[in-house]
1. Return, ordered by residue number, the residues of the stretch B:221-256 whose backbone nitrogen is under 19 Å from a label point located 7 Å along Cα→Cβ of residue B:202.
2. Under a Cβ-only charge scheme (Lys and Arg +1, Asp and Glu -1), can you give me the dipole magnitude of the stretch A:67-126 about the Cα centre, in debye to the nearest 20?
3. Looking at the protein assembly as shown only, what percent of DSSP beta bridges run antiparallel? Nearest 5 please.
4. Do the sum for the protein assembly as shown: with -39,500 (n - 2.57) for every DSSP H run of n ≥ 4, divided by all residues, what is the mean residue ellipticity at 222 nm, to the nearest 500 deg cm²/dmol?
5. Need one number: % antiparallel among DSSP beta bridges in chain A, to the nearest 5.
6. Of A:81, B:255, B:54, which is farthest towards the positive pole of the protein assembly as shown's charge dipole, taken about the Cα centre with +1 and -1 on the beta-carbons of Lys, Arg and Asp, Glu respectively?
7. If the elastic network links every pair of Cα atoms under 10 Å, which of B:171, B:14, B:234 fluctuates the most in the Gaussian network model of chain B?
8. From Cα pairs below 8 angstrom and at least 6 apart in sequence, can you work out the relative contact order of the stretch B:128-276, rounded to a whole percent?
Amino acid sequence: MTEKYNMPDERGHFGPYGGIFVAETLIPPIQELNAAYQKYLKDPEFIAELDADLKYYVGRPSPLYHAERWSRELGGAQIYLKREDLNHTGSHKINNTVGQALLAKRMGKTRIIAETGAGQHGVATATVAARLGLECVVYMGAVDVARQSLNVYRMKLLGAKVVAVESGSKTLKDALNEALRDWVTNVDNTFYIIGTVAGPHPYPAMVRDFQAIIGREAKQQCLEATGRLPDALVACVGGGSNAIGLFYPFIEDESVKMYGVEAAGDGVATGRHSAPLCAGRPGVLHGNRTYLMADDDGEIIETHSISAGLDYPGVGPEHAWLKDTGRATYVNITDTEALEGFYALTHMEGIIPALESSHAMAYALKLAPTMGKDETLIINLSGRGDKDMQTMAKREGIEL
Amino acid sequence: MSRLAAKFEELAQSGRKALIPFITAGDPSPGFTVPMMHAMVKAGVDVIELGVPFSDPMADGPVIQRASERALAHKMSLRRTLEIAAEFRKTDQTTPVVLMGYLNPIEAMTYEGFANAAQRADIDGVLTVDLPPEEGQECSALLKARGIDPIFLLAPNSSVDRVKKMDAVGSGYLYYVSLKGVTGAGHLDVADVENKLQQIRANTQLPVAIGFGVKDAETANTIAHLGDGVVIGSALISKIETNLDNPEQAKNEIVELLTSIRQALDCGLGTEGVQE
Ligand SMILES: Cc1ncc(COP(=O)(O)O)c(C=O)c1O
């Protein structure tokens, strides 16, 4: 794939994927958003303001850290970690919320809504809303409210209203449904900050563009550190925003292999997982066509993952396209394996990763030893594990 | 002429407004739906919208969400909804039936597979909430080729261009969503609906049915006379929900409500405009 990559088309299609599949009431706000996105992402003033926020508020650039001890231990590739965990609020999610909040401000919207799974996107949204003095409502599945209570408290501290969603499977997809219902009801004053590369066009492209800072920095940092491009990239895939953020600037560099890691939950064979690219089928949900976990009747199946942020039955349409074209490879990691990744990084490098990111670490445990010592592997460390302390302590039988 | 076109023409000639109930197929149980459809016809409805249960009904409020959940608990699906429609058709060859649902169950059957199955079930119209015309060309063409009307939504914030587009791609009728919100939502503003309908009327010859937020005979009557008909859904499904232990009672209450709306609509016969 040496030819120029310029997906999506003007209606948001990545080949057969993506597009705009929404109820009529959402067409006008989506058109309005698309116009603003097209205009401001080329506007020097907007870009300057975004760059300044990323530098002084988020703390970018995030380091590309050479995990030397872990690399030695695994005996293969030189592992570099892209430290998105060091961003303000603890994950890559803030790259996107800072950008969308600037758009909301320019569009004159006074109210912000968001969906959240692990709570990282909710926190990152509540954070930018607090900073701009905007009203903020975050929808979160009731199951996730229980397993990520620390983040619920953070959002409330920041002034957001957290709504526990009791419908369906009470996880991320249901939070997204509820946020769409809110948006349809309050279209005039409300900006919906979607937290991943899902939703109707322009969200998948726009969120990617805001997250692509990860890959742009990583490329430059890798060249500085090693004098050449990396050999492989690894990132976990929930909706796919941290992965596409890392991958996108490398898509035309065909020597760079890309691995997206989905959550296999109890194992793909058990059916209790969140791995639509590995074990799903194309369909339409939440405004776009992509790989989904659905049954023969097209009803969405409940997902399972130890990590709330990967517990989603769909995936960004661009990943569906990258899978079909073979440009990226999608693999999966079980809950048990993810825990091995979690402990490996914690013990070998003194870095506690988020459970989502632990899936990427776990895949590196398999991949790095198969690579040469002179090869470079970049893993996206999408977030820190602070939010998962309760879950981990509980698993270990410890009461906090 | 399609059953829907014929029905609206007949209504227009007699100066009457269409009464269009919406119920979810298989709610509260699969056996409930066909007898309920026949009872609604007896109560004087003109067209039946049959909701296809979906796991993620993004445009629906809590009442219809729960109806979907109840139906899905009985393993209801698009295929079984088509079976229900076909069963109804065996003893009623005149009442148009419109399927209303979301795209993914149709994707799972493939567009062509669905269009063929809908034709076999003698379905008259299909309204797919999350399939706007830009993405819906292929599906609409397959339906039209089989004499099935693709029905599209218009919203309070739809532009004139959008109305023209729906006029070009839709057939049967246009469904005007009377408020910004989900099904069963709060209060609709009659003056707003009236203004918007003027703009819509100026740009289409298609009949316009108005839905969302219609709760009782009074609102139904007011709203129906702004267009060509009125859709009532959540208010009916609420009757099912409050009588889960007694479906016969639910059926009676639905018939009672529809009968009162039918009377109100026919008494308001010839009412020009609405004074609020
Ligand atoms: C730390 C972290 N990584 C990854 C994800 C998954 O999202 P995405 O696939 O969009 O990066 C989340 C989502 O909550 C997260 O919090």
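1. B:226-228
2. Its charge dipole is roughly 340 debye.
3. Details: 16 of 76 bridges.
Close to 20 percent.
4. One gets -13500 deg cm²/dmol as the mean residue ellipticity at 222 nm.
5. Working: 16 of 50 bridges.
Taking every DSSP beta bridge with both residues in chain A, the antiparallel ones total about 30 percent.
6. A:81
7. B:14
8. 18
Any read-out appearing in this document is the output of simple, stated calculations on the displayed coordinates, not a laboratory observation. All of these numbers come straight from a predicted model, not from anything done at the bench. Positions of Cβ are backbone-derived with ideal geometry, glycine not excepted, and every protein chain shown enters the neighbour counts.
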